[in-house]
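Derivation of every value follows stated rules applied to the coordinates shown; laboratory data play no part. Predicted model only: the values in this text are computed from it and were never measured. Note that each Cβ is placed from the backbone with ideal geometry, even for glycine, and that neighbours are counted across all protein chains shown.
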Amino acid sequence: KKKKKLQQGVKNATRRFRILPAKDGKSPFEEVYFYERQVNGKYEKNYCNKLNDGEHCPMYEAKEALLMEGSKKAKEMAREYTPRKFYVVKGIDRDNEDHGVKFWRFKHNYTGNGVMDKLMPLFKLKGDITDAREGRDIIITTNRNEKGWSVVTSIMCDDVSMLTEDTTKANDWFNNEETFRDVYAKKSPEYLEIVAKNMTPVWDSEQSKYVAEEEREESETASLEEEITFLREESNTPQVESSNEDDDEVTVTNLETGGDDLPF
């Protein structure tokens, strides 16, 4: 359902996209907030539970705590915990109409050079380009910048055209009730709390929740050390085994040199 980025090795591409009209005369663009953080060596966009849904969000609470602390260093650190504003719009990828409704997410640009800044002049010049009968497809050109990232370099309008003459497609597209929440799912508070601690979240099937990989490894190491210590203490204590009646045979078991494998 998501809008694809440039494939590896491709330097530029052009796509045609039709923004679907919003219901009840609302704006087709929804403002949403995501954190951009490196998790386990990869950058993730994590849903902000606080600003999107007014719910408990460990990442947002970490940001507020740092700002309250007030030092220059804390304020700089708070930037890493600050959710970024994005826009999400529903539409149709003209090259893959059979895929159905897709969602296009792009970041708000505070310098005035972002995707939204390229889209707004089209509405001013051409009117409501989302109109089903007299709207327009947009032509999106993407290139790689000096860092190798895929960026939208230009957006132009195509000629006036109907959204579709296929009644089946029209019904499917207009009756689609999905929202960005269905596509960009939010993580659990446990997941975000681990990320806020700069740790790596991993799924623990036994506990049915996310746990910090680093803490789990420490716990497993501690348990192993405790087991080894216990076994060594046991090995230094002579274990006396007797027969049922005569009590004349003594066996000393040394687990450090015995034949049984240690339980790890």
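Checking the Cα-Cα distances for Lys63/Lys124; Lys42/Lys118; Lys26/Lys197; Lys45/Lys118 against a 31 Å cut-off, the pairs over it are Lys63/Lys124; Lys26/Lys197. Within region 92-139, the chymotrypsin sites (Phe, Trp or Tyr not before Pro) that combine a DSSP coil assignment with at most 12 other C-beta atoms in a 10 angstrom radius are Tyr110. Return the FRET efficiency for the residue pair Thr179, Glu44: r is the Cβ-Cβ distance, R0 is 22 Å, and the value is rounded to the nearest 0.05. Efficiency for this residue pair is about 0.60.
So what's region 37-165 giving for Rg/Rh, alpha carbon basis, Kirkwood Rh from the mean inverse pair distance? Rg divided by Rh gives 1.06. For the pair Arg16 and Met162 in one chain, pulling the backbone fully straight at 0.36 nm per residue adds 51.2 nm over the alpha carbon distance. A prolate overall shape is assigned to region 91-223, the ratio a/c of its alpha-carbon gyration tensor axes (a ≥ b ≥ c) being 1.5 or greater and a/b exceeding b/c.
Between Asp98 and Tyr110, the distance separating the two model label sites (each 7 Å from Cα on the Cα→Cβ line) works out to 4.5 nm. Put the Cα centre of region 71-144 next to the Cα centre of region 159-181 and the gap is 19 Å. Between Asp172 and Val151, the simple label model (points 7 Å from Cα in the Cβ direction) yields a spacing of 3.6 nm.
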